[in-house]
Each structure stands twice: as structure tokens, then as C-alpha cells.
Amino acid sequence: MSRFSLLAFSLISSLALAAPPAPVAEPPLVEIHMPSPCLACIDWGSYLADNGFKVRYVESRDMAAVKKRLKVPKEVESVHTAVVRGYFVEGHAYAEDIHELLRDKPKARGIAVPGLPIGAPGREYSNPTCETACTTLDNTTGEKAPKRELFDTLLVLPDGKTKTWARH
């Protein structure tokens, strides 16, 4: 290696070592619009916070207005509606599905888990008689493991039609 090449290599190496570290990306903010009180909604938010999201709760007395403003189709509605980086997330979606949505950036309104599937995040332990998906604070059946329903996460396209995003 010539003296000039060695000097250039040394200079480039020292600059690389002196460069500041790349900034750490801010976790995506998920703003959860929910009726009050909704413990299952709070449980879902806690689950998201544990899985790489920043969470903000917004209590709303008029969830129908929130859903209408965000263009959530009636057939995919659940209790809460979240917003993350321009997409809506309706219902108890898995964090992986949201991360995939943000990574792939499909042309879509958002993703949805219609209804209240038992076993979905935030619905692991719930009271089936509560119309707003309340989480029970004790297990009255004596069962230790939560029951699960199979469900799909749907991608809601710009025209309001849906297709399967993930199966759980």
C-alpha cells in the first residue's frame, strides 16, 4: 500500500470512529381512542408499550364520531380505535401486525380486528358479559389458561374493502 493510500485509509478510519452514533428511532406513537372506562383497551395499550410503541390514551364519549372521521367501515368495528402514523388500528391487533403495517406501508386506511376475539392482546382474561370488553380482575371460572378464539387481522383498503392481513 502506498504512503498516500495508507494515510487516506488512516484518515477515513479515524473519521468513522469519531462520527456520532446514529440517532435511535423514536418508537411509533399509538393514540388509542376509547370509551371510558375500558380496562381491555388499557390492557391492549400496555401490551403495545411492552412491544415497541409509545402509547397515548384519548377517552371519547362519541366513538362513532371517531370511527366516522377515520373512515372505519362498520363491518370491521370493535370498541377502541387507534391511530399510528396515518393508519387506523381498529380493535385488539397484535403488535407484530402493526409493525408490519408500518414497515410495508401499504396503500390502505389501516388494519382491523373486528369484534372482541377472546385471547387477542388485551383480551386474554375478559368478562364475556361486559358489552365494552371489560377485563376481569379475578378469574371466576378457576381456569388458569385463557381461552382463545381464532381471528383474522384485516387490511382495510382505500375503497373500504378488506383482505386478510394476518391469521391468528
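The values are calculated or read from the model by the stated rules, or taken from the named source; none is laboratory data. Predicted model only: the values in this text are computed from it and were never measured. Heads up, the Cβs are rebuilt from the backbone with ideal geometry, glycines too, and the neighbour counts pull from every protein chain shown. Protein only, heavy atoms only, side chains kept; ligands, DNA and RNA dropped before computing areas. Shrake-Rupley method; radii C 1.70, N 1.55, O 1.52, S 1.80 Å.
Observations on the model:
- Residue match in region 74-86 (condition: of a type in the set (Val, Ile, Thr), over 16 Å from residue 47 (Cβ atoms) and open to solvent by less than 10 Å² (accessible area, probe 1.4 Å)): yes
- The residues of region 60-73 that are open to solvent by less than 40 Å² (accessible area, probe 1.4 Å) and among the basic types (Lys, Arg) amount to a single one, 67.
- Selected residue (criterion: most open to solvent (accessible area, probe 1.4 Å)) from residues of region 37-59 that are more than 25 Å from residue 26 (Cβ to Cβ) and either over 16 Å from the mean Cα position of the chain (by Cα) or acidic (Asp, Glu) (or both): 37
- Subset of region 97-125 (residues that are of a type in the set (Val, Ile, Thr) and surrounded by fewer than 23 Cβ atoms within 10 Å (Cβ to Cβ)): 118
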